Structure formats: structure tokens, C-alpha cells
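Encoded as C-alpha cells, the structure appears first; notes follow it.
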Amino acid sequence: MNKTKKLIAICLSSTEEKNGYPLRRALRVAEELSSEATIVFITQVASPDIPPMYRSMEANNHRTLLQVLSFLKPDLLVRDTGSTIKEEVEAISRLVPASLHFDDLGEGGQLADFVIQTLYGETEHDVTSPIKTGIQTFIPDDRCADLRSKRDQHVFGDPPRLLIAFGENDPGNLTFRSFRHVMNLQIPLNVTILLGKSYEHDASTLQMMALSRRNTTVKKAPHDFLDLAAEADIVLCGGGYMPYDVACLGVPCIVLAQSTFESELRFPIDRDGFTHLGLGRKVKQSNLLNAIMEPLLHDSLRKRDVDRQLALPLGEEAETVFETIRYLLEHPKRAVPGKPLPDVVN
């Protein structure tokens, strides 16, 4: 008699957010475990980014999420929706035998069966808490190794290539703020500006500014941040996951935080090979222009930063992430209706 496959539900708040990394991470999890379990994606809205080989369902609020989970009866919920609240996670724990949350700094995360914090701040955790923290849990894109090896033959652009990218919606309009400063740089640069799918501001002003400056291009989504970053001489971007992708490639990078949350994250900083200028809305033009000039004028500083990035332990515990999911799947934390499990691990 064939053993029924267990079911993993992967819940994402959006497939477009955070430079697409949560979706990429979820797809790597699905690819790794699809031979061992059935995978179902749960998203707030229908997403064409979910490959047709996987079933997907919509749950755009707390009530519909509970309804979907009650219908699916998954053996494990993998959740990548940011910080959660206590009451919602308590309700979910009565429906699902085990749960793993990615990057959940909310009260709900404290109730999850396991939390993996790739993005991490100064929050103190009880040493007995089921939590794993650090950049080694980042799961690099499969293309990173090839793109990085191509950079071994990288030739500095003439003029140098600057990539400006601040994610999907850029709430602080750091794209406009930073480019306005770059317009005052007195050296020639080849500038590419990326606008995300949900860019919240008027793009026409940016496009008019770009037309007034030589070697400047505004690219609307869709575009491939990894490919374009691999071709750049300097990247100017937000915090969050974007610097992780840059570090996998080894590219001089200036970070402007979109929010206080991003500015307080412990990665990246100078020792990681980045120039982090803090909150983007407060950055001074002189500081930003000096940060752009330094790697252009000083080969030793540029090489130092690239070496520091490439020495980071990014992805070293990717397999541990997969194994943790396997363990929770095989050793659920509790019995729930529809999942009467005599061998519950407490």
C-alpha cells in the first residue's frame, strides 16, 4: 500500500515583494521537497509567478487564511509573510501540526515551532528558543555561482556603470532622491535606474531627468536585478535582501535604508564590504557622492570590499534550512483535528 504524501503549505504575503527573494526561497524549498511532499502555495492574490506545476490558493486576510488551512489540512505550514501577531498564530496552531516562519520578528514568531531569521537585528532571543539567526541561512539564487565567475573577467566600464535599485514600490522614493544627487556628480557615469512593478511615484519626472543626462537609462519592471547587478561597477540599493544578492556576486555597494527597521539590521555594515549610509531620506548629497567616488578612484578600497563580500558565509547553512523543514514534517509538534498523530513530539 502506497504511503500518502504529506502536504506542505507555503504562505507568502506577495510574490513581488522584497526583490522577489521570498518567492525564490519558497521555490527552492518546493524544489527540494517536492519528491517527498505535496506543495501548495498560499498567496494574498493570484500570482502568475507560481509555476503551474504547483497548486496555489488565495487568502487575502486572516479569516480566509484560516479557511484555506482548515480545508487543506497541511502537515506543515512554511510562512514567509513578515512579522505576525500572536492571536493569528495561536489560531493556526489549532489547525496545523507544525509551522516554520521565515524572518518573523513579531509576537507571532515567538509561537511558531521554528523561526529562521535571515534578516536580523539587535533583538535578544532566549537561548532555548527554536530560532536560527544569520546570513548563512540565506539561500542564494542558482545563477549566482555562474554570474560571480563571470565577474572574474569583469572589465570596468568606460564610463563606470552605476545601478540604482530600490525594490518593488520604493515607499520613500529613494530612487528619485538618490538620482537627483547623482545628477550633481561631476564625473561621467553610465547610470541604470530600475523601477519596480509597484513603484508608487510618478515615473515621468525621473524619465525627464534621465533624458537630460547622457548614458542614463530608466528600466521599468520586469527586469532582472541579479543579471544587471552582475554587470555593474557599483550598486546603489535599499536594505533588506538586496545586499545579500549583491554580496553573492561581489560588487561594490552603497546601501540606503528605506526604513528605521532596515537601518537597524545587523547586515550589511562596513566589515561586510558595504558602505551603509543609514536612512536614505536623511542622506546628505556630499556623503552619497563621496561614497560613489571612493571605489571608482581607489582600486585597493574596491578590492577590499569585494573580498569582504565574497568571504561572507552566505548560503553555508542552506541545507540546514531544508533539513529543519524535513524534521518538522516528520516530527510534528502537536495533534490537530484531521491529523490524529500518536507519535507527537513536544
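The values are calculated or read from the model by the stated rules, or taken from the named source; none is laboratory data. None of these values were measured; they are calculated from a predicted model. So basically every Cβ, Gly included, is an ideal-geometry build from the backbone, and we count neighbours across all protein chains shown. For accessibility, only protein heavy atoms count, side chains too; no ligands or nucleic acids. Shrake-Rupley method; radii C 1.70, N 1.55, O 1.52, S 1.80 Å.
The residues of the range 130-182 that are among the hydroxyl-bearing types (S, T, Y) and surrounded by 19 or more Cβ atoms within 10 Å (Cβ to Cβ), listed by number, are T137, T175, S178. Exactly one residue out of L23, L65, L69, L27 is modelled with pLDDT under 95 and part of a helix (DSSP H, G or I), and it is L23. Of the residues making up the range 188-207, not a single one is in contact (Cβ under 8 Å) with a residue 24 or more places away in the chain, open to solvent by 20 Å² or more (accessible area, probe 1.4 Å), farther than 30 Å from I325 by Cβ and basic (K, R).
Listed here are the residues, each with its yes/no results for (1) within 13 Å of L228 (Cα to Cα); (2) among the polar types (S, T, N, Q); (3) within 23 Å of the chain's Cα centre (by Cα).
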residue	(1), (2), (3)
R148	yes, no, yes
F166	no, no, yes
D170	no, no, yes
T175	no, yes, yes
P188	no, no, no
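Under the condition of being surrounded by 14 or more Cβ atoms within 10 Å (Cβ to Cβ) and without any contact (Cβ under 8 Å) to a residue 40 or more places away in the chain, the residues counted in the range 269-278 number 6. If you go through the range 129-148 one residue at a time, do you hit one that is within 28 Å of K282 (Cβ to Cβ) and of a type in the set (K, R)? The answer is no; no qualifying residue exists. Residues of the range 66-84 that are among the hydroxyl-bearing types (S, T, Y) and surrounded by fewer than 20 Cβ atoms within 10 Å (Cβ to Cβ): S70, S83. Being of a type in the set (D, E) and touching a residue at least 40 places away in the same chain (Cβ under 8 Å) is not true of D224. Within the range 311-340, the residues that satisfy the criterion of being closer than 18 Å to D142 by Cβ and charged (D, E, K, R) are E316, E317, E319.
When the range 335-344 is filtered for residues that are open to solvent by less than 50 Å² (accessible area, probe 1.4 Å) and either at pLDDT 90 or above or farther than 14 Å from V96 by Cα (or both), only V336 remains. Filtered by the rule that a residue be in contact (Cβ under 8 Å) with a residue 24 or more places away in the chain, open to solvent by 60 Å² or more (accessible area, probe 1.4 Å) and either charged (D, E, K, R) or at positive phi (or both), the range 33-63 gives a lone residue, E36. Within the range 279-301, the residues that satisfy the criterion of being touching a residue at least 12 places away in the same chain (Cβ under 8 Å), surrounded by fewer than 19 Cβ atoms within 10 Å (Cβ to Cβ) and over 24 Å from the mean Cα position of the chain (by Cα) are Q285, L289, M293, E294.
Conditions tested, residue by residue: (1) open to solvent by 80 Å² or more (accessible area, probe 1.4 Å); (2) touching a strand residue (DSSP E or B) at 6+ places or on another chain (Cβ under 7 Å); (3) without any contact (Cβ under 8 Å) to a residue 12 or more places away in the chain.
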position: D307; (1), (2), (3): no, no, no
position: E316; (1), (2), (3): yes, no, no
position: Y327; (1), (2), (3): yes, no, yes
position: K333; (1), (2), (3): no, no, no
